[in-house]
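S.K.: The structure's right below; bear with me while I get my questions together.
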Amino acid sequence: MTVAIPLAGYAVLLALAAPRVLVRARWPRRSPRMGIGVWLAVCGSVIAATVLAGLSLTVSAARVGGDIASILHACAEALRHHYAAPAHPGGLAGATLALLVVVWAAGHVAVALAVGARQRREHADALTLLACRDPELGVDVVEHDRPAAYCLPGRRHRIVVTRAAVDRLTPSQLAAVVSHERAHVTGRHHLVLAMSQGLRRALGFVPLFRVASVELAYLVELAADDAAAHHQDRRTVAAALLAVATGPIPASALGAAGPSALDRIRRMLAAPQPLPRRTRIWCLTVVHTLIAVPLAIAANPAVLAIIDHHCPLWH
Amino acid sequence: MRRFGELEAAVMDCVWRCGRPVSVRDVLDELSRDRSIAYTTVMTVMDKLHKKGWLNRQRTGRAFEYEATRGREAYTARLMRDALSTSNNQAAAFVHFLSELTPEESAALRSALQVVPPEQR
């Protein structure tokens with residue numbers, strides 16, 4: 001079955017091994033942005049390998065040249081050919097399944113993005129009427145008795161702080177909170193979360209995507225904490241987190257990202273531990289490898305030749 | 001569009017402050033103190049707000065009288081509830097600083113904060 005086997009094997013292996021390795025690793029907490037990159041690369045790699053496995057089931061290995069365009073072209077031709085005279089229903093079913101999976105996942109992600117955008121727009125309209133702009137801080141202040149802060153990311157982004165937070169925090173703590181929110185906006189973290197949550201809803205039966213959505217939500221918070229720690233010192237950020245984390249809570253409220261408050265405050269109280277240069281280079285290499293491997297397997301003539309030799313070619 | 005938002009905010013502000021049903025003319029008089037604005041503009045804005053559900057209106061005589069459907073606090077409370085709920089929250093994805101610490105944890109962290117010296121900057 002041509003390259004579908006190594007591709008599918010790669011996807012399954014990565015989907016099983018990656019979450020185990022990454023969840024136990026300590027380096028993502030030291031460099032959250034790196035961690036986010038690797039998690040995204042893993043998810044992308046698994047999906048890409050699945051797509052390419054599906055595509056390769058419809059294409060004869062011998063016809064495939066080097067690049068994706070020729071693969072897609074050959075695929076379209078083969079699909080047309082096979083619908084005219086379906087000779088290998090098994091392979092076609094496999095291909096259809098793989099492609100359906102991807103369309104299903106992409107659809108969920110698209111819906112997550114669209115719904116998010118609509119909710120943000122409505123929320124922003126309401127804020128215009130209800131909130132007071134503080135031009136010095138660049139935030140909207142809402143009259144509310146619980147200390148909280150949040151952002152509406154996107155092109156017309158807003159940062160919202162409640163009156164209780166403004167009253168309770170010192171100016172530098174407030175500045176730390178605002179830097180944190182701004183980091184979410186500039187880092188486009190809402191896109192990362194929309195993707196990971198869309199994948200979890202679509203393909204949640206794959207543990208990788210369940211774990212990835214939780215880890216990414218947490219890493220995104222750590223990344224924003226680090227950004228805040230650039231402008232204020234870590235102790236101030238920790239104090240801000242603490243000051244706001246001990247207000248009265250309604251029973252239904254939960255932290256946005258799991259066991260975050262305690263860990264995040266402790267992390268800010270501890271000294272920063274940036275990753276050594278060697279580790280960063282290694283991580284970047286891993287990311288590029290994850291992106292390249294599915295493509296390499298799918299299009300590499302040497303791989304195909306080996307497969308050719310051992311498995312009967314499917315025409 | 002941005003300007004319209006500011007006008008809408010000014011109109012709602014006025015309606016909330018008045019606390020009684022107001023006509024377009026009333027609001028126009030109030031807003032004219034700070035800016036030059038046409039009657040038709042105010043009328044359009046109030047009509048929009050009515051359509052969006054922020055204002056109720058009743059015909060009295062030849063004109064409409066408008067009043068807010070809910071108080072400012074009620075709207076704010078609902079907005080905050082939406083923002084701070086995490087169940088299906090895709091818009092305000094980064095709600096922060098919700099309380100998760102037990103009193104013991106927060107006491108321990110508070111004393112840890114005393115111990116950690118401020119960074120040398």
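S.K.: Run the quick spin-label model on A:ASP167 and B:SER111: label points 7 Å from Cα toward the beta carbon, then report their separation in nm to one decimal.
M.R.: 3.0
S.K.: OK, next. If I take R0 = 35 Å and measure r between the Cβ atoms of B:ASN56 and A:HIS230 in this structure, what FRET efficiency does the formula 1/(1 + (r/R0)^6) give, to the nearest 0.05?
M.R.: That pair, B:ASN56 with A:HIS230, gives E of 0.10.
S.K.: As an exercise, use a Förster radius of 51 Å and the Cβ-Cβ distance of A:ARG277 and B:ARG81 to find the FRET efficiency, rounded to the nearest 0.05.
M.R.: Efficiency for this residue pair is about 0.65.
S.K.: Nearest 0.05, what FRET efficiency do B:ARG17 and A:THR186 give at R0 = 35 Å with Cβ-Cβ as r?
M.R.: It comes to 0.40.
S.K.: What's the total accessible area buried between chains B and A, using a 1.4 Å probe, rounded to the nearest 100 Å²?
M.R.: The B and A chains share an interface burying roughly 4400 Å².
S.K.: Any idea what the dipole of region B:1-67 comes to, in debye rounded to 20, about its Cα centre with Lys/Arg Cβ at +1 and Asp/Glu Cβ at -1?
M.R.: For this selection, approximately 220 debye.
S.K.: Calculate the mean, over all residues of peptide A:145-151, of how many other protein chain Cβ atoms lie within 10 angstrom of the residue's Cβ. Before the final figure, lay out each step's value.
M.R.: Details: counts 2, 5, 4, 8, 4, 12, 5.
The mean count of partner-chain Cβ atoms within 10 Å per residue comes to 6.
S.K.: Give the average over all directions of the projected area of the C-alpha convex hull of region A:115-164, one decimal, in nm². All intermediate terms of the calculation are to be shown ahead of the outcome.
M.R.: Numbers: hull surface 13.7 nm².
For the Cα atoms of region A:115-164, the hull's average projected area reads 3.4 nm².
S.K.: Kindly list the residues of region B:17-34 that lie in the label zone of B:ALA74, defined by a backbone N under 15 Å from the point 7 Å along the Cα-to-C-beta vector.
M.R.: Hits in region B:17-34 for B:ALA74 at 15 Å: B:17, B:19-21.
S.K.: In whole percent, and with a 1.4 Å probe on the protein chains, what portion of the accessible area of region A:171-223 is carbon and sulfur?
M.R.: Numbers: 1170 of 1840 Å².
Heavy-atom surface of region A:171-223 belonging to carbon and sulfur, 1.4 Å probe: 64 percent.
The values are calculated or read from the model by the stated rules, or taken from the named source; none is laboratory data. All figures in this text were calculated on a predicted structure; none of them were measured in a lab. Glycine gets a Cβ as well: all are built from the backbone with ideal geometry, and neighbour counts include every protein chain shown. Side chains included, ligands, DNA and RNA excluded: accessible areas come from the protein's heavy atoms. Shrake-Rupley method; radii C 1.70, N 1.55, O 1.52, S 1.80 Å.
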